[in-house]
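Here's the structure, in structure tokens; my notes come after.
The values are calculated or read from the model by the stated rules, or taken from the named source; none is laboratory data. Note that this is a predicted model, so its numbers are computed, not measured. With ideal geometry, Cβ positions are generated from the backbone for all residues, glycine too; neighbour counts draw on all protein chains shown. Please note that ligands, DNA and RNA were not included when accessible areas were found on the heavy atoms of the full protein model with its side chains. Shrake-Rupley method; radii C 1.70, N 1.55, O 1.52, S 1.80 Å.
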Amino acid sequence: MSAARSLPWFARHEARLAWRDMLAMMTAGQPRRERRVAIWLVAFAVSLHAIAYLVLRPYVSREIQPDLPTLIAVTSTILLSGSAMLSQAMESVTRTFYTRSDLELILSAPVQAQKVFAVRIGAMALSASLMSILLMGPFIDILIFRGGPRWLGAYGILIAVSLVTTVLAVALTIKLFQLIGPRRTRLAAQIVAAIVGGIFVIGLQTAAMFSGGTFSRLSFLQSSFVLAHVPGEHSILWWPARAALGNWHALIWVLGGSVLAFLAITARYAPRFAGYVLAATSTSIRPRYRQSGSNRFRVGTPAMVLRRKERLLILRDPWLISQSLMQLLYLSPPALLLWHNYGRGSTAIVLVPVLIMSAGQLAGGLAWLTISGEDAPDLVGSAPVAPGRLLRAKIEAVMQCIGLIFCPFVAGLLLVSRYQALIAFAGIFLAAASSTAIQLWFRAQAKRSQFRRRHTSSRIATLAEALISINWAAAGGIAVTGSPLGIIVVLLAAFLLWCVWRLSPARLR
Amino acid sequence: MNPDQTTPALSIKGLRKSFGRPAVDDLALNVRAGEFYLLLGPNGAGKTTTLRMVSGLLKPDAGEIRIFGIDAIADPVAAKRITGWLSDEPMIYDKLTPLEYLEFVAGLWSVEASVAAARARELLGWLNLEAHARERCEGFSRGMRQKVALAGALVHDPKLIILDEPLTGLDAGSARMVKDVLAEKVRADASVVMTTHILEIAERMADRIGVISGGRLVAEGTLAELRDQFGRGQASLEDMFLTIVEQDRAAE
């Protein structure tokens, strides 16, 4: 057994907490579900392997050579997952800074706080590694199965990317902290994380659209323009890609370098972490006397004040704003495409499904916030207003926000084609209404601050929300081509929605 | 005589609620108009469950609840219109200012804007929150949050005020302020039903005291009546309370 307060002792403590936390998240706090969750996980892993097999089959049947186009494709995949991992790591670092939980206990104990924070930085890297292995592992397994053990190097690259992105997130967040102070860092870090998470894929997509008029990132990466502007294939820049492709020499250098970078940055920042955490947590306990609102008292009908309250709370929620920004960011390539191809009438097949999918996902989040994430349920419940009227006002608030965000896109489409605008409008409305209905059927009272963990309260609701949004998006995409097949997808979406209703707790209420 | 003076502010008959085991079991009690009624009981006695049913936040399994003669189960909206509820956990919106919060509550109860504005300012003044009226609640201390929530419970000028442990976690100054506001409301003819573990309040403020144990009302009366029934000589309320609860547990 490791000595109390040593690094391994803290690591064991953190591992136990993380394990229980993860278990609670997977089972939504119900221990009886453990077996069912295990079965689902196995099924998930098997289906991911099947998908990976289908996707990779045409590529791994032939010998992959580390030529320049392959190195570019592998490097962009690494950068793509790296940007997503950096975004996640920044979220984790911000959470560590601003969540008080056990920090006051630990910091008030006679222990070296740097040990705790070194372990916590390590835990972030570990969880990032595990998450990337969970998602990318099946693809690597298929590559190993079909192409041989040289592909094991890809696992090494995943670990290296996790280590680098974690310490990069630590360094970035601390830099923000030093630059703008603890109070503003929280929001800024969330926004930076959202931008970092999407910027690479969006940048690539935009470049692909404008240079080649294509939506295929791969075609863009293999284009003569890119091949002419990147360094030669012997450049050090391609070492991570070479390592992933089975070059052990490159793997040792890349993995060794990332471990060294991790240790160096952890050693540099862990001792300062305690000070930053204290500064950050004290901002959340010190009264933040921010003046807002007007002196004028405006009282309308209960429905009006409810809608106004929901709008105000959404607008004043920094995390939600950063998430919405992310949604809008992902909408920027199709928006640019709309502008670029204005008048040519060929964009809707891509734009409409993207709009519909985004509307469904955004509405799901907003509906959870307004319906389940009510911070004063007793107040609203004890008000002399019929429950149905309260719910209607909350749903109206969600639909107003969706309308506000998506109206400009529909208006843009209207300039191109009335039919496409109509399909987009119907799709956006149906996707948003479906997601809102699902949130309504599966509502479970929670605090708004639990928004991050909203997916854990009902796996069915989360899955259904995504699946039905995809269906509406597909139906919209098919409908703009004028194909009658769209009706089948519409019927499928309606059937899925009916199935979700049958499974929902609302049916039993 | 005003008909409201003869109609009980709160009348409960045969109230039952079970969460696997009975939480409230055939409870009956009456609170007179203009009365400060204190509900005492050990942890898990059913006080909060009772008050949540009265406020329309929980549906009873059986029984009758009337608020100034209005059937609160058949017509909850009408009953809620004249009721104010405050729970032990101040539930307010962090991102709203006290003024915005009161504006929202006034809207829910359909209070006319000018009346609501005047009442809001009066309440914020009483509760010493004027200086913070336009600051977001996110940095407020527990005491300040509880005072904002109390102002919310009173902004529509309810005839029946229901408070569940409103003084939990408040410092002496804030607790005094809340007690003063409640006393003022009772003077203005409002009725108050309140639970607390602070027995000193019962001795100083309550017109009548009800003791709940095991979901049933086991004793009720003024302090003097309870003393006559359960106390010996100058027994403190704490001694009487413990005697009542012990007697009830022994009887079970």
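Quick check on A:GLN439: is it within 28 Å of the chain's Cα centre (by Cα) and within 23 Å of B:GLY107 (Cα to Cα)? For A:GLN439, the condition - within 28 Å of the chain's Cα centre (by Cα) and within 23 Å of B:GLY107 (Cα to Cα) - is not met.
Counting only helices (runs of 4 or more DSSP H) that sit wholly inside the stretch A:34-116, those with at least 2 residues that are under 28 Å from A:PRO240 (Cβ atoms) and under 28 Å from the mean Cα position of the chain (by Cα) are A:34-60, A:68-98. Restricting the stretch A:305-316 to residues that are more than 7 Å from chain B (Cβ to nearest Cβ) and touching a helix residue (DSSP H, G or I) at 6+ places or on another chain (Cβ under 7 Å), which is most open to solvent (accessible area, probe 1.4 Å)? Selected residue: A:ARG311. Does B:ALA251 count as more than 18 Å from B:LEU40 (Cα to Cα), aliphatic (A, V, I, L, M) and within 17 Å of the chain's Cα centre (by Cα)? It is false that B:ALA251 is more than 18 Å from B:LEU40 (Cα to Cα), aliphatic (A, V, I, L, M) and within 17 Å of the chain's Cα centre (by Cα). Selection of the stretch A:71-89 for residues being open to solvent by less than 20 Å² (accessible area, probe 1.4 Å) and not aliphatic (A, V, I, L, M) yields A:SER76, A:GLY82, A:SER83, A:SER87. Of all residues assigned to the stretch A:367-379, none qualifies as being in a helix (DSSP H, G or I), open to solvent by 20 Å² or more (accessible area, probe 1.4 Å) and charged (D, E, K, R). Taking the numbered list (1) more than 12 Å from chain A (Cβ to nearest Cβ); (2) open to solvent by less than 20 Å² (accessible area, probe 1.4 Å); (3) under 23 Å from B:LEU108 (Cα atoms) in turn, B:ALA79 passes all entries but (1). Condition check for A:LEU414 on (1) within 27 Å of the chain's Cα centre (by Cα); (2) modelled with pLDDT under 90: one failure, at (1). Of the numbered criteria (1) in a helix (DSSP H, G or I); (2) open to solvent by less than 30 Å² (accessible area, probe 1.4 Å), the one A:ALA411 fails is (2).
Considering each residue of the stretch A:460-475 in turn, at least one proves to be more than 24 Å from the chain's Cα centre (by Cα), surrounded by 19 or more Cβ atoms within 10 Å (Cβ to Cβ) and more than 14 Å from chain B (Cβ to nearest Cβ). Is there a residue being part of a loop (DSSP other than H, G, I, E, B), modelled with pLDDT of 85 or more and either of a type in the set (A, V, I, L, M) or closer than 27 Å to A:LEU204 by Cβ (or both) anywhere in the stretch A:338-345? No; the residues of the stretch A:338-345 include none that is part of a loop (DSSP other than H, G, I, E, B), modelled with pLDDT of 85 or more and either of a type in the set (A, V, I, L, M) or closer than 27 Å to A:LEU204 by Cβ (or both).
Residues are listed down the side, and each one gets a yes or a no for (1) open to solvent by 10 Å² or more (accessible area, probe 1.4 Å); (2) within 14 Å of chain A (Cβ to nearest Cβ); (3) modelled with pLDDT of 90 or more:
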site: B:LEU15; (1), (2), (3): no, no, yes
site: B:ARG21; (1), (2), (3): yes, no, no
site: B:PRO60; (1), (2), (3): yes, no, yes
site: B:GLY63; (1), (2), (3): yes, no, yes
site: B:TRP85; (1), (2), (3): yes, yes, yes
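Just one residue in the set B:ASN30, B:ASN43 is more than 7 Å from chain A (Cβ to nearest Cβ), within 30 Å of B:LEU199 (Cβ to Cβ) and surrounded by fewer than 16 Cβ atoms within 10 Å (Cβ to Cβ); that residue is B:ASN43.
In the set (1) open to solvent by 30 Å² or more (accessible area, probe 1.4 Å); (2) over 26 Å from A:VAL490 (Cα atoms); (3) under 28 Å from the mean Cα position of the chain (by Cα), A:ARG389 fails one condition alone, (3). Of everything in the stretch A:365-376, what is closer than 18 Å to B:ALA149 by Cβ and either at the interface with another protein chain (Cβ under 7 Å from one of its Cβ atoms) or hydrophobic (A, V, I, L, M, F, W, C) (or both)? Give them in sequence order. Result: A:ASP375, A:ALA376. For A:ARG316, all conditions in the list (1) more than 28 Å from A:ALA421 (Cβ to Cβ); (2) basic (Lys, Arg); (3) modelled with pLDDT of 85 or more hold save one; what is the number of the exception? For A:ARG316, the failing item is (3). Restricted to the stretch B:90-205, the set of helices (runs of 4 or more DSSP H) holding at least 2 residues that are more than 9 Å from chain A (Cβ to nearest Cβ) and crowded, with 18+ Cβ neighbours inside 10 Å comprises B:113-126, B:142-154, B:172-187, B:199-205. Quick one: is A:VAL385 within 14 Å of another protein chain (Cβ to nearest Cβ) and modelled with pLDDT of 85 or more? When the stated conditions are applied, A:VAL385 passes them.
Here A:ARG290 fulfils each of the conditions (1) more than 7 Å from chain B (Cβ to nearest Cβ); (2) at pLDDT below 65; (3) surrounded by fewer than 16 Cβ atoms within 10 Å (Cβ to Cβ) apart from (1).
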